[in-house]
Structure formats: C-alpha cells, structure tokens
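Trainee: Below you'll find the structure I mean.
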Amino acid sequence: MPERRTKRGNDRTQLGGEYDVLICGASFAGLAVARELRGARVLVVDRYEVGERQTSACAAPTEWIRALGLEGSVKQTFDRLVVHTPHGTSAWPLPFTFSTFDYPRLCELLDDQNDAEFETAKVNGRSGFTVHTDRGDLTAPLIVDALGWRRVLAGSGYQPPDAPLSRGLEVHPHGSGGDLELWIDRSYVPAGYGWSFPADDELRIGVGSFEPRFHVKEPTVRLAEDLGEDAVRYQGNWIPHKIRSAAEDGVFFAGDSAGHCLPLTAEGIRTAWYFGISCGRELQSVVDGRATREQALARYGAFSDRHRWKFDWMLRAQRAVPRVPPRLLRAVVAAMGRPALSHRAFGHYLRIAPPPSDRLVAGADRIADHVHHEVNRDAVRATAAG
Ligand SMILES: Cc1cc2nc3c(=O)[nH]c(=O)nc-3n(C[C@H](O)[C@H](O)[C@H](O)COP(=O)(O)OP(=O)(O)OC[C@H]3O[C@@H](n4cnc5c(N)ncnc54)[C@H](O)[C@@H]3O)c2cc1C
C-alpha cells in the first residue's frame with residue numbers, strides 16, 4: 001500500500017468559503033490550469049497530497065516536459081519505440097523523444113508554478129456553483145473538474161464497464177531497460193497492448209485493454225513474468241477513450257474528465273496539459289475582466305470541440321487495429337521501422353496536441369486543417385493502393 005500522507009483526524013478541519021476559481025483535481029490537468037492563473041483567489045483540492053498517488057506510467061514527449069520547465073523530473077529518454085508482435089519485432093525511430101519521469105517530482109515542479117491555495121478533500125458532488133467535499137462546501141463562480149474519468153462534477157458520470165473506458169494496470173518492479181517497448185499480441189490482450197517503460201531504476205510493465213470487460217491483471221502478471229520481473233507495486237485505473245464536452249452546465253472540464261486522453265495509445269498526459277493550459281487561459285480572461293464566464297466556457301468548449309475529429313479518428317483506429325489480420329499487422333509494424341514513415345506518422349501524432357514552444361501552436365487551427373487534409377489524402381492514397 002502506498003503511504004498515505006493526506007490529512008487525518010484533527011488535521012482535517014472544516015473547509016468553506018468563496019474563491020474566484022476552484023480547481024478540483026491536482027494532477028496533470030488541474031495543475032496545468034492553476035499555472036495559468038494570476039491575481040485571483042484560487043483553491044486547488046484533491047483527495048491526496050500533490051504527487052502522492054501516481055496515476056500513470058508517466059511517459060510523455062520530452063519537448064512538452066521541457067516546455068513546461070519540468071526537466072528536473074525526467075528519469076530516462078528514448079528516441080525509438082520497440083514494438084513486438086507474435087511474428088516479429090520492429091524498432092520505430094521517433095522524430096521526437098519520449099521521457100519517463102518521476103510523478104511526485106513532476107507534480108511538485110508543476111505545483112511550484114502557481115500561487116493557488118491547496119487543500120486535501122474528497123469531492124463528492126456539486127449544486128450550482130457550490131462543490132460539496134468531505135470537509136465542507138466550497139463556492140466559486142469558476143469551477144474546473146480535473147478529477148479524472150469519473151467526471152464527478154457533471155450531471156451524469158460514467159459507470160464501467162458500460163462506458164467508453166479502457167482498462168489499464170501496471171506493476172513497478174525495480175529494474176532497468178534501454179527501450180520503450182510495446183506488445184501488440186492477442187495472447188496478452190485481444191484488443192489493446194502491453195508495455196514496459198523503463199524509468200532509471202524501475203520498470204513500469206502493464207497491459208491496457210480497449211474492452212472494459214476484459215480483465216488485465218492476469219496478462220499484466222504474465223507479461224512481467226515473461227520478462228523475468230516481479231509483479232509488485234500495482235497501479236491501475238480506467239482510461240476514457242471518447243472525448244466529451246469540455247464545458248457543461250457552467251463547469252470547465254480538462255484532462256480525463258473531458259475524455260482528453262487519446263484513443264489507441266491511451267496517451268493522456270500531454271493532452272491534459274494542452275487542454276488544461278487552454279482552460280487556464282480562458283479562466284484568466286474572466287479574472288482580468290476581458291470575458292464573461294459564459295464567453296470563456298463557449299470559447300474553451302469550442303477549442304476542445306475543434307480537436308474532436310482527431311480523437312474520433314484515433315478511436316476509429318483503436319477499433320480497427322484489433323481486427324487487422326496478424327500477418328498484415330506484422331507488415332505494418334515492420335514498415336513503421338522505416339524512418340520516413342515513422343517520422344511522418346509520429347509528426348502528425350504530436351501535432352494533435354503540440355508543445356507550447358512549438359512554432360506550430362501559433363497557427364494551430366491552420367495546422368489542424370493541414371493535418372486533416374494530409375490524413376484524408378493518405379487515406380485516399382491507401383484506399384487507391386489497396
Ligand atoms: C496504467 C496506466 C498507465 C498510463 N500511462 C500513461 C503514460 O505513460 N503516458 C500518458 O500520457 N498517459 C498515460 N495514461 C493515461 C493518463 O494517466 C491519464 O490520461 C492522465 O493521468 C489524465 O490526467 P488528469 O489530470 O486528467 O487525471 P488524473 O491524473 O487521473 O488525476 C485526477 C486527480 O483527481 C483526484 N481525484 C479523483 N477523484 C477525486 C475526488 N472525488 N475528490 C478529490 N480528488 C479526486 C485524483 O487524486 C488525481 O490527483 C495511463 C493510464 C493508466 C491507467
């Protein structure tokens with residue numbers, strides 16, 4: 001069991017009061033929102049202390065980590081992805097690097113970038129602009145739900161296994177490795193993949209299933225055993241694979257609560273940062289008196305919606321990949337070993353949520369149109385060739 005450091009007993013005093021902005025959730029999305037806010041009374045609440053409970057395998061594009069000034073948390077950096085299928089292995093050269101990082105350290109560094117207050121409290125629900133917690137009621141005209149897939153502050157939450165959620169579980173044995181590795185292998189999971197992400201002195205070995213009814217504990221243990229590693233220190237969660245409205249009933253949703261995790265890859269850290277930053281900037285415009293709450297909600301909701309086609313496209317790929325015949329899958333995986341193809345595919349992929357330093361960000365919509373055009377052109381070519 002991870003050590004619990006959150007307030008207990010007499011330390012859990014009653015909370016209350018009015019804030020300008022209330023951010024519920026202090027992980028990737030919530031802390032990204034908070035870093036954009038100045039000159040307002042902001043409260044961040046989470047059921048755990050910041051960085052106390054790791055919520056992922058913690059791999060993200062290094063450019064993003066650098067752009068946010070979080071390099072101090074990096075454990076290991078990779079410039080290729082090694083992909084295993086039952087019929088062979090291929091190394092995909094990446095046009096940008098991924099890094100694994102230390103979750104508590106990254107959260108600490110990100111948290112240092114805001115001047116918000118923080119309290120540990122479990123959020124139970126909301127009535128209008130009052131949020132109910134296990135330590136009392138908190139009120140704010142601007143409320144953010146960055147609480148993850150449960151979308152606690154919406155009228156209707158998700159209930160697994162009937163909701164569009166994937167299932168992910170990993171173990172964290174001590175150990176080391178040189179590559180980010182994936183297994184697209186139906187003997188582990190019929191629809192999904194396995195992974196091993198080295199992080200200096202630790203391996204994060206897991207299995208994710210796009211089908212929520214498929215239990216991933218046995219294959220996670222088996223993959224660890226097949227790699228000669230101990231299945232210890234478990235960490236798992238549901239992963240949303242369908243984007244949802246980012247502005248609903250007066251509340252802003254960012255990260256997993258808005259389904260901002262990418263289908264097929266289940267990459268949700270940089271997207272939580274990307275949409276969290278956008279959300280924070282819209283909130284700041286209200287704090288500054290440059291916009292009303294309704295205008296900010298409409299603008300942020302529209303920003304998220306403009307990305308919907310990319311998420312839908314990834315979801316179509318998520319549904320298609322498990323149906324690809326093994327030999328064809330092997331051919332595609334092998335072809336991706338060619339730098340020209342791999343760089344092109346991953347270049348498009350990064351631009352779904354490019355890092356803030358990226359010169360493409362300024363023309364994000366123009367780029368989105370460009371990528372849309374390119375993807376469609378590729379699809380037409382593939383159809384013609386096939
Ligand atoms: C096993 C696994 C491995 C993954 N690996 C990767 C990876 O390597 N790279 C990647 O990009 N993505 C990965 N993901 C996806 C990624 O973890 C999520 O998309 C990402 O964490 C979303 O960030 P978030 O801030 O929206 O939500 P979360 O990180 O889930 O944070 C939600 C926060 O809200 C708090 N909270 C929840 N409910 C309450 C409540 N009722 N009251 C108070 N606080 C509450 C939690 O304590 C938490 O701090 C992985 C997911 C899983 C399950």
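The values are calculated or read from the model by the stated rules, or taken from the named source; none is laboratory data. Owing to the predicted nature of the structure, the values given are computational and were not obtained by experimental measurement. FYI the Cβ positions are ideal-geometry reconstructions off the backbone, even for glycines, and counts take in every protein chain you see. Heads up: the accessible areas ignore ligands, DNA and RNA and are worked out on the full protein's heavy atoms, side chains in. Shrake-Rupley method; radii C 1.70, N 1.55, O 1.52, S 1.80 Å.
Trainee: Quick check: the angle from helix 293-306's long axis to the longest principal axis of the chain, C-alpha only, nearest 10 degrees?
Mentor: The angle comes out at about 0 degrees.
Trainee: If you don't mind, another one. What 222 nm value per residue comes from the helices of the chain, counting each DSSP H run with n ≥ 4 as -39,500 (n - 2.57) and dividing by all residues, nearest 500 deg cm²/dmol? Please report the intermediate quantities before stating the final value.
Mentor: On the way: 10 runs with 123 residues, N = 386.
It lands at -10000 deg cm²/dmol.
Trainee: For ALA291, list long-range residues whose amide hydrogen, built 1.01 Å from N in the peptide plane, is under 5 Å from its own amide hydrogen.
Mentor: VAL286
Trainee: Using each residue's phi in the stretch 27-41, evaluate 6.51 cos²θ - 1.76 cosθ + 1.60 at θ = phi - 60° and report the 3J(HN,Hα) Karplus result to the nearest Hz, with x for Gly and Pro.
Mentor: Karplus-based 3J(HN,Hα) across the stretch 27-41 equals 10, 4, 5, x, 6, 5, 4, 4, 5, 8, 9, 9, x, 9, 8 Hz.
Trainee: Using a 1.4 Å probe, what is the accessible area per residue for the stretch 27-69, in Å²?
Mentor: 30
Trainee: Now for a different question. Could you tell me the distance between the Cα centroids of the stretch 12-63 and the stretch 71-115, to the nearest Å?
Mentor: Rounded to whole Å, the Cα centres lie 22 Å apart.
Trainee: For the stretch 209-340, what does the accessible surface come to per residue with a 1.4 Å probe? Please give it in Å².
Mentor: Ligands and nucleic acids excluded, the figure is 45 Å² per residue.
Trainee: Still on this structure: At 1.4 Å probe size, with the rest of the protein present, what percent of the exposed accessible area of the stretch 7-114 is carbon and sulfur atoms? Present the calculation step by step, with values, prior to reporting the outcome.
Mentor: Working: 1760 of 4230 Å².
About 42 percent, which is the carbon plus sulfur part of the accessible surface.
Trainee: Next question. For the stretch 244-300, which whole percent of the accessible surface, found with a 1.4 angstrom probe, sits on carbon and sulfur atoms?
Mentor: 47
Trainee: FRET efficiency for ASP134 and ASP162, Cβ-Cβ distance as r, R0 = 41 Å, nearest 0.05?
Mentor: Values: r = 27 Å, r/R0 = 0.67.
My answer for the efficiency is 0.90.
Trainee: In addition: Suppose a student asked you for the relative contact order of the chain, using Cα pairs under 8 Å spaced at least 6 residues apart; what percent would you report?
Mentor: Rounded, it is 19 percent for the chain.
Trainee: Can you list the residues, at least 5 places off or on another chain, whose amide H is less than 5 Å from the amide H of GLU267, using H built in the peptide plane?
Mentor: Distant-sequence amide H within range of GLU267: LEU262.
Trainee: Any idea how far the Cα center of the stretch 123-182 sits from the one of the stretch 204-241, in Å?
Mentor: About 19 Å separates the Cα centre of the stretch 123-182 from the one of the stretch 204-241.
Trainee: Can you tell me, using C-alpha contacts under 8 Å and at least 6 residues apart, the relative contact order of the stretch 106-237 as a whole percent?
Mentor: The value is 20 percent.
Trainee: Apply the Karplus parameterisation 6.51 cos²θ - 1.76 cosθ + 1.60, with θ equal to phi minus 60°, to every residue of the stretch 336-342 and state each ³J(HN,Hα) to the nearest whole Hz, in sequence, with x for glycine and proline.
Mentor: 5, x, 7, x, 4, 6, 5
Trainee: Moving on. Nearest-5 percent of antiparallel DSSP beta bridges in the chain?
Mentor: On the way: 47 of 67 bridges.
Counting only bridges with both partners in the chain, antiparallel ones make up about 70 percent.
Trainee: Keeping all protein chains in place, calculate the accessible area per residue for the stretch 125-207 (probe 1.4 angstrom), answer in Å².
Mentor: Heavy-atom accessible area per residue stands at 34 Å².
Trainee: While we're here: Given the peptides 343-352, 324-333, arrange them by the average over their residues of other C-beta atoms within 10 Å, most packed first. Let's see the in-between values first.
Mentor: Details: 343-352: 16.9, 324-333: 14.1.
Going by the mean number of other Cβ atoms within 10 Å, highest first, we get 343-352, 324-333.
Trainee: Next question, about the same structure. Note down the magnitude of the dipole of the chain about its Cα centre, charges +1 on Lys and Arg C-beta and -1 on Asp and Glu C-beta and zero elsewhere, to the nearest 20 debye.
Mentor: Numbers: 48 positive and 49 negative charges, 248 e Å.
The calculation lands at about 1200 debye.
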